[in-house]
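The structure under discussion appears below in the form of structure tokens.
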DNA sequence: ATGTTC
């Protein structure tokens, strides 16, 4: 992106002045190098988002932003229902509530290395992975609706994990306001036997070692020590979330003119928050959030079984974050408290210290912000800050962000070669898809360290710990 | 991301 279109505000904040139909400015976070490497499409898409009815303050792009469907991935936008604000399926993304959860194993690197092959094989055998993968659970209509209304709480009530897990999940493990009736039969049918599966693309289950502590006090509060081994699970709402996105995109395109909305881009299809269609989407999307929370809870149960069998330990949950959501939150804008719907697409909620929605055990330090990297580089744990409320409605980046398209990556790398190179570096990858491994080659991503450094410098979240992979189960 | 094209 040519920075001449932007005004530099700080070393990590750039402003796109309102022009044409834009109702508010665009704000991009990132170092000069990250902004320069961003596609011009990010700026165009940000300008489109800034043109939507009822948008408040600005349209934001996180340091890992890249071109997405309608909204940029790494995009954040708040809408006020009292001012004609809208909800957009493209603003949430097709993988509703895709997110990351991280568990403590209580083990160190040496314990893993002693059984590394066996652990990798056992996890790969136990956790279903890949496009169209199915699990050992079948949901009838009644159980489907209970899952869509109950999220991880439903999963715990059915024996997947423990009640104490729930306090370490956004929304206490259950998104309120879900309305399973607003989810199509087709979406439910697609999900019937996909619970407890990772899916494909950038989804994974990783065993990781803490290789650097950046903030001693917060790391201690999160229970993180140098050399400790963690498990991170990155996945979402599978076929159900995708079908909800598809269903409502069509309906929002068709209804836009009735709602008096002129779309700068069909992919920005949206509906007023105060409309039947807007409310129906919110009910369905919240059911999609519960599906993703239940899915990560079941996968946690499967991973725990493996860790008990192979290593005799029972991992505990550090935290679970979603990064494709639209959530109703209270924010102070220019001194006034307002109830706003915050779209975060490829962006993590990042509540700072003292936020009332955080569990008591985390309230003093702020919310863990779990950033997934690539299978060959690093992942990071950050913490929410107080100032991120004013900067971007308590939001932070979500990952490395792609630098090369999937197609370009498959031309440059071969999956088996990627796997072998990683094995030589001590990282065991298991995947059903050589093509998937090529698409996900570490070189196809931006430098996650640069992304989190910019996030930390911008004040969006504070850097706490660096993690490096030992085992990766990859879709 | 996705029964990788309705």
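Read-outs: derived from the displayed coordinates by stated rules, not from any lab. Quick caveat, the model's predicted, so the values are computed rather than measured. For neighbour counting, all protein chains shown are included, and Cβ atoms are generated from backbone atoms with ideal geometry for every residue, glycine included.
Compute the Cα gyration tensor for the range A:320-432, then decide on rounded, prolate or oblate, letting a ≥ b ≥ c be the square roots of its eigenvalues: rounded whenever a/c is under 1.5, prolate when a/b is larger than b/c in the other cases, and oblate in all that remain. Kindly include the intermediate steps, with their values, before the conclusion.
On the way: a/c = 3.55, a/b = 2.18, b/c = 1.63.
Prolate shape, in that a/c is at least 1.5 and a/b is the bigger ratio.
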Checklist outcome for this item: Longest principal axis of chain A (C-alpha) makes with the long axis of helix A:141-157 (C-alpha) an angle, in degrees to the nearest 10, of 70 degrees
Next on the checklist: Which of rounded, prolate or oblate describes the range A:258-314 when judged by the alpha-carbon gyration tensor and an a/c cut-off of 1.5?
Outcome noted: prolate
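Multiplying the sequence separation of residue A:108 and residue A:403 by 0.36 nm and subtracting their Cα-Cα distance, what value in nm do you get? All intermediate terms of the calculation are to be shown ahead of the outcome.
On the way: separation 295, 0.36 × 295 = 106.20 nm, distance 3.28 nm.
Between residue A:108 and residue A:403, full extension yields an extra 102.9 nm.
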Checklist entry - How big is D for the range A:223-268, in µm² s⁻¹ as a whole number, if Stokes-Einstein is applied with the Kirkwood radius of its Cα pairs at 10 °C and 1.306 mPa s? => result 112 µm²/s
Checklist outcome for this item: Quarter of the surface of the C-alpha convex hull for chain A, i.e. direction-averaged projected area in nm², equals 19.9 nm²
Checklist outcome for this item: The helix A:40-49 Cα axis meets the longest alpha-carbon principal axis of chain A at an angle in degrees, between 0 and 90 and rounded to 10, of 60 degrees
Checklist entry - How would you rank A:357, A:80, A:2, A:456, going from fewest to most other Cβ atoms within 10 Å of each one's own Cβ? => result A:2, A:357, A:80, A:456
Item to check | Cα-projected label distance for residue A:138 with residue A:339, points at 7 Å along beta-carbon direction, nm | outcome: 4.3 nm
Checklist outcome for this item: Row for the range A:2-45, column shape: gyration tensor on C-alpha, a ≥ b ≥ c, rounded if a/c < 1.5 i.e. under 1.5, prolate if a/b over b/c, else oblate; value oblate
Checklist entry - In whole Å, what are the Cα extents of the range A:419-469 along the three principal axes, biggest one first? => result 39, 20, 15
Checklist entry - Size of the range A:261-382 along its principal axes in angstrom, Cα-based, largest extent first? => result 57, 34, 29
Checklist entry - Helix A:276-311: angle to the longest alpha-carbon principal axis of chain A, degrees 0 to 90, nearest 10? => result 10 degrees
Item to check | Inter-centroid distance (Cα atoms) of the range A:116-184 relative to the range A:2-75, Å | outcome: 35 Å
Item to check | Between the range A:317-378 and the range A:425-475, the alpha-carbon center distance in angstrom | outcome: 20 Å
Checklist outcome for this item: Relative contact order as a percentage, chain A, C-alpha pairs under 8 Å and 6+ apart, gives 22 percent
Next on the checklist: For A:273, A:328, which order do you get if you count the other beta carbons within 10 Å of each Cβ and list the fewest first?
Outcome noted: A:328, A:273
Next on the checklist: Can you compute the modelled spin-label distance between residue A:11 and residue A:328, with each label point 7 Å from Cα toward Cβ, in nm?
Outcome noted: 4.2 nm
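Calculated from DSSP H runs of 4 or more alone, at -39500 (n - 2.57) each and per residue, what is the 222 nm mean residue ellipticity of chain A, nearest 500? List each step's numbers first, then the result.
Working: 16 runs with 164 residues, N = 475.
After summing the helix terms and dividing by the residues of chain A, the value is -10000 deg cm²/dmol.
Say R0 is 30 Å: what FRET efficiency, to the nearest 0.05, do residue A:275 and residue A:40 get from their beta-carbon distance? Walk me through the intermediate numbers first.
Working: r = 33 Å, r/R0 = 1.10.
The pair residue A:275/residue A:40 has a calculated efficiency of 0.35.
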Next on the checklist: Within a 10 angstrom radius of the beta carbon, how do A:286, A:363, A:462 rank from fewest other beta carbons to most?
Outcome noted: A:363, A:462, A:286
Next on the checklist: Just to be sure I understand the model, the point goes 7 Å from the Cα along the line to the Cβ. What's the resulting residue A:118 to residue A:181 distance in nm?
Outcome noted: 5.3 nm
